[in-house]
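Visitor: Below you will find the structure I want to go over with you.
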Amino acid sequence: MFWADKIAEEIAKTKKPQIVDDAKTPSGRVHVGALRGIIIHDLVHRALKAAKVKSHFTYIIDDMDPMDDLPVYLSKAKYEKYMGVPLKNIPAPEGSGSYSDYFAAEFIKVFNRLGADPEILYSSKLYEKGNLDKFIKLVLDNAEKIQEIYEKISGSRRPKDFIPFQPICEKCGKIGTSVASSWDGKFVSYECSDEKVSWAKGCGYKGKVSPFGGKGKLPWRVEWPAKWAALGVTVEGEGKDHASKGGTRDTANVIAREIFDYSPPYDIPYEHILFGGKKMSSSKGVGASALEVSEVLPPEVLRFLMVRVRSMQHLEFDPSLEHTIPDLFDEFDSARTSEDPDLKRIYELSLIDEGPGKYFILRFRDLVNLVQIPNIELVKESEKKKDGALTKAEKELLEERIKYVKIYLDRFAPQEVKFTVKEELPKEVKTLNKKQKEFLSKLAKLITSAKDAEKFQNNIYQTGKDLGLTSSETFKAIYTALLGKESGPKAAWLILSLDKDFVVKRLKEAS
Ligand SMILES: [Zn+2]
């Protein structure tokens, strides 16, 4: 049984409607690794619905979080002064909106395209509308108990008078620098500190503010369970670095139970997507952005990348490696045509909507060769391979795949798989031996009568063999004469796609 279906089956036993939630701090351009979380949650949401469980999917944009790291692609001169300010109050890199809206919108667009369509919520709005007020009061009234929980679960000590609330400084607007010192039942007193964090400097202001209605936020370990309780979240996972023993999740679970009297959501810890063995990082520029990757793969193939791997398994993804993208397409196609129930389910859950049903399409790797051959009709080639006419949908899918093949060739394909027919006799023909030249001269005569590529390919091989050439020597001779390199696409198809007089002349020149 597919892993998300197993989870859904287990949750279905509760016989209760479910709220599946995920969240993200829009601290900059989001990396493809962050898509894993939302796809995992989307899968469980879909699996729940398939199991006839009522399920609602929410996604919280944590826009009250401070800017705590400056992404490498942003101007230091423009943004350094915003370190510590809530992301929602920082200007966007372009346009008139906020920083958090700008990067959240980019990410939402990508995951919507991947078929994940949660209700989008903003933590700033939850605070402003008072949805969290009740829990803020519980937190402040139980500050000491929360401190004990922190210490017991994670072993981290806080100062004795620790007040788990971060007001937005009324003078400088920073939230990352404020330290609350007391709570009198109505107001939180605080100081905007110089020493609280290394990445931002406070202004020294001392003030008093009501903690309700968006004047500040709860620290993350407390805010997380407060959001569960406020929204009624029943399913939420997290990246495995938060799932370790004594980590954020453990602390949040205990706070949910002991402070909010709320049973923690079903947990789905998950592994990260690694890029060259490293965890991707938005601010360090490690890995490819979600937007970039969504432009080089069709949505269902990008989804497939994440669907087929169990949540606690590593997932390496480096599109710049030679085989990554062609392999992914091959594996997608093999799941698409598989009769194995698990693979069928994986394919089904990779689709954005109902999908096109069964269809024929040429292998990605074959298309990589074919699109580089001049004058070839790809629909005709497909129909030969399919042994029948392409449907309208198949023609559209072919066109789409050609688009992605061209992107691959343009951006990721290594030199070995790229070729162009040389207009002049390549200088590399000097490397051909006597037998190879003799073969080319014979081949020049064969071409005039050649029609069927399959038969011609055999004929080429046999002609070389009769001259005592190995298969590799035979085809190298052709590629050298036409492309100036030792490898290329299937020779017969290449030759038949070209003007016959041109090929005959070239082979004679080379022999
Ligand atoms: Zn301040």
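Visitor: Where Lys and Arg each count +1 and Asp and Glu each count -1, what net charge lies around Ile61 among other residues with Cβ under 11 Å from its Cβ? Please list the in-between numbers first.
Guide: Numbers: positive: Lys24, Lys88, Lys125; negative: Asp22, Asp62, Asp63, Asp65, Asp101.
So the surrounding residues net to -2.
Visitor: Suppose all protein chains stay in the model; what accessible area per residue would a 1.4 Å probe give for segment 427-510, in Å²? Before the final figure, lay out each step's value.
Guide: Numbers: 4460 Å² over 84 residues.
Accessible area per residue: 53 Å².
Visitor: Determine the relative contact order of the chain: mean sequence separation of Cα pairs under 8 Å and six or more apart, normalised by residue count, in whole percent.
Guide: Details: 831 pairs, mean separation 63.0, N = 511.
After rounding, I find 12 percent.
Visitor: Keeping the other protein chains in place, figure out the carbon and sulfur percent of the accessible area of the chain, with a 1.4 Å probe. Before the final figure, lay out each step's value.
Guide: Working: 12130 of 24180 Å².
Exposed carbon and sulfur together represent 50 percent of the surface.
Visitor: Give the value in nm², to one decimal: projected area of the alpha carbon convex hull of segment 344-459, averaged over all directions.
Guide: On the way: hull surface 42.7 nm².
That works out to 10.7 nm², a quarter of the Cα hull's surface.
Visitor: Which entries of Lys49/Lys109; Lys160/Lys217; Lys386/Lys406; Lys240/Lys406; Lys358/Lys385; Lys392/Lys418 show an alpha-carbon separation above 25 angstrom in the structure shown?
Guide: Numbers: Lys49/Lys109 23 Å; Lys160/Lys217 20 Å; Lys386/Lys406 22 Å; Lys240/Lys406 36 Å; Lys358/Lys385 16 Å; Lys392/Lys418 30 Å.
Over 25 Å Cα-Cα: Lys240/Lys406; Lys392/Lys418.
Visitor: A further question follows. Can you give me the long-range amide H partners of Leu121? Hydrogens built in the peptide plane at 1.01 Å from N, cutoff under 5 Å, separation of 5 or more residues or another chain.
Guide: Here the answer is Tyr59, Ile60, Ile61, since their amide H atoms fall under 5 Å of that of Leu121.
Visitor: What number, in percent, do you get for the relative contact order of segment 294-371 if the mean sequence gap of Cα pairs under 8 Å and at least 6 apart is divided by its residue count?
Guide: Details: 44 pairs, mean separation 27.8, N = 78.
Contact order relative to length: 36 percent.
Visitor: Still on this model: Stick to the Cα atoms of segment 154-217, pair each with every other, and give me the Kirkwood hydrodynamic radius in Å at one decimal.
Guide: 11.9 Å
Visitor: Using only helices, what value at 222 nm comes out for the chain when you add -39,500 (n - 2.57) per DSSP H run of length 4 or more and divide by the total residues, to the nearest 500 deg cm²/dmol?
Guide: Numbers: 22 runs with 234 residues, N = 511.
Counting only the DSSP helices, I get -13500 deg cm²/dmol.
Visitor: Between segment 155-221 and segment 87-145, what's the alpha-carbon centroid distance in Å?
Guide: The distance from the Cα centre of segment 155-221 to that of segment 87-145 comes to 19 Å.
Visitor: May I pose another question? Take the Cα atoms of the chain, find their three principal axes, and give me the spread along each one in whole Å, biggest first.
Guide: Extents along the principal axes: 99, 54, 39 Å.
Visitor: Also, I was wondering about something else. Could you compute the net charge surrounding Ile407? Neighbours are other residues with a C-beta less than 12 Å from the C-beta of Ile407; K and R count +1, D and E count -1. Kindly include the intermediate steps, with their values, before the conclusion.
Guide: Working: positive: Arg401, Lys403, Lys406, Arg411; negative: Glu292, Glu295, Glu400, Asp410.
Within the 12 Å Cβ shell, the charges total 0.
Visitor: Pairs of Cα atoms under 8 Å, at least six residues apart: use those to get the relative contact order of segment 356-418, whole percent. Could you put the intermediate results ahead of the total?
Guide: Values: 35 pairs, mean separation 28.3, N = 63.
Relative contact order, segment 356-418: 45 percent.
The values are calculated or read from the model by the stated rules, or taken from the named source; none is laboratory data. The structure presented is a predicted model; accordingly, all values stated were derived computationally and were not measured. When we count neighbours, we look across all protein chains shown, and the Cβ atoms used for this are built from the backbone with ideal geometry, even at glycine. When the accessible area is computed, the model is the full protein with side chains, heavy atoms only, and any ligands, DNA or RNA have been set aside. Shrake-Rupley method; radii C 1.70, N 1.55, O 1.52, S 1.80 Å.
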